[in-house]
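The values are calculated or read from the model by the stated rules, or taken from the named source; none is laboratory data. Quick caveat, the model's predicted, so the values are computed rather than measured. A quick note on method: Cβ atoms are made from the backbone with ideal geometry, for glycine too, and the neighbour counts reach across all protein chains shown. The protein model used for the area step is the full one, side chains on, heavy atoms only, and it has no ligands, DNA or RNA in it. Shrake-Rupley method; radii C 1.70, N 1.55, O 1.52, S 1.80 Å.
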Amino acid sequence: MIVEERDELIDRAARALAALPPADPLAVMQIVSLARTRRGTRHPLAARFAGWMRTPSFSLASATMFAAATLVIGFVSGNAVERAASGSPASATRAVELMPAADVGAAARAVAVPMVLDARSATTVSVVGDFNNWDATATPMQRFGGDGPWTATVLAKPGRHVYAFMVDGVLTADPRAPKARDVDYGGEASVLMVTKP
Amino acid sequence: MNEIDPAIPLRARSGDEKAFIEIVEFYYPRCLRFARNMLGNDQDAEEAVQDAFTRVYDSFPRFREDARFDPWLFRILANRCRTSMARSRRHRQMIEYGELPLMAVAAAPEEEFGADWAEEVRVVLETLPPEQREAFLLRHVEDLSYEDIAAVTGAGLSALRMRVKRACDALRARLEKVER
């Protein structure tokens, strides 16, 4: 029989570790935005095949089946993105939905990055950056919950990116990110470092 | 209040987005605390928490109506932390076999003491084997019952009690040295 010994020293240690970090509404919005986006881009069959790959019984035969299935999934999801683009996207996943089908292959290794900006008085906000050719119409942001922060998700390949927000027509740096020093278009911008998933 | 109203995960399960936001708001600080204590690194912890909630969102259809939400969430989070630790271990091995043995020049735990108590506890905590650290945190910091910890980790009750006891013994021995 193991007796659990919790004395004063262990109590103090546990209390020191129990301090809660403060609530972070912007982090919450980022998580929700990312969850929505990933669901929009992940095909359920891909998850099943990913599970196969992790099993010890993985073999050449299953690898061949996986390769074939990947081709099929790529074709199906490409069509799905194309269909989404022709609809009327109104969520934070718009950046993904706006991807042309032809770009799906090129973006396969891109990472979904949630963007959040607290600009309550703004009427239109979009994300611009080297990942969308600084096109102010490519990635419009949506108000979270009607009157909350602005959110959107961009797809960016691993590496260093420069971006900004277009707030009512004015280029604005992200207050939560490091400033870019190599801006050559006459406004402030921020740096985004994307790591491999 | 440590647990969320059980109706909220069920609402999220049936597709209610507001319920999912309530869950993230409610559990974010606790999840971040657990991941920071497990991983000892803010950036890895934030990534693990983000990943865990994304998986929760995707996996809601598999959440059983009669199940409790806390162990289910912490099981997913603990898995993400283990994956993150495995990734860091691989990265560390690459550094150790590379040109600069960065880990070798890091100060020994004893030399790092002198900061505040919480920092000292964290340094000692990091020296525990991951499964002992995980069991200790779930039991004494997250206040989960052994039955819930068994659901989170998949380990048996007596093995878990042994892990917690060993963690307490090791922490006590090292923290007593610090206090002297």
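For segment B:132-146, filtered to residues that are more than 11 Å from every other protein chain (Cβ to nearest Cβ) and either at pLDDT below 95 or in a loop (DSSP other than H, G, I, E, B) (or both), the residue that is surrounded by the most Cβ atoms within 10 Å (Cβ to Cβ) is B:144. A count restricted to segment B:148-180 and to residues that are β-branched (Val, Ile, Thr) and closer than 14 Å to residue B:117 by Cβ stands at 1. Among the residues making up segment B:30-45, those that are within 15 Å of residue B:78 (Cα to Cα) and assigned to a helix (DSSP H, G or I) are B:30, B:31, B:32, B:33, B:34, B:35, B:36, B:37, B:38, B:39, B:44, B:45.
Search segment B:147-180 for residues being open to solvent by 60 Å² or more (accessible area, probe 1.4 Å) and farther than 28 Å from residue B:75 by Cβ, and hand back the single one that is modelled with the lowest pLDDT. Ranking the qualifying residues of segment B:147-180, first place goes to B:180. Contact annotation: residue pairs with Cβ atoms under 9 Å, 6 or more positions apart or on different chains, pairing a residue in segment A:134-148 that is in contact (Cβ under 8 Å) with a residue 40 or more places away in the chain with a partner that is surrounded by fewer than 16 Cβ atoms within 10 Å (Cβ to Cβ) and hydrophobic (A, V, I, L, M, F, W, C), are A:142/A:90.
Note on segment B:1-25: among residues that are outside any helix (DSSP H, G or I) and open to solvent by 30 Å² or more (accessible area, probe 1.4 Å), the one that is farthest from residue A:25 (Cα to Cα) is B:14. Against the list (1) in a loop (DSSP other than H, G, I, E, B); (2) within 10 Å of chain A (Cβ to nearest Cβ), the condition residue B:53 fails is (1). Flag not set for residue B:71, criterion: closer than 29 Å to residue A:193 by Cα, open to solvent by less than 80 Å² (accessible area, probe 1.4 Å) and of a type outside the set (Asp, Glu). I'm trying to understand the selection: among the residues of segment B:28-50, which are open to solvent by less than 30 Å² (accessible area, probe 1.4 Å) and either within 8 Å of another protein chain (Cβ to nearest Cβ) or over 13 Å from the mean Cα position of the chain (by Cα) (or both)? Answer for segment B:28-50, where residues must be open to solvent by less than 30 Å² (accessible area, probe 1.4 Å) and either within 8 Å of another protein chain (Cβ to nearest Cβ) or over 13 Å from the mean Cα position of the chain (by Cα) (or both): B:28, B:29, B:30, B:32, B:33, B:37, B:49.
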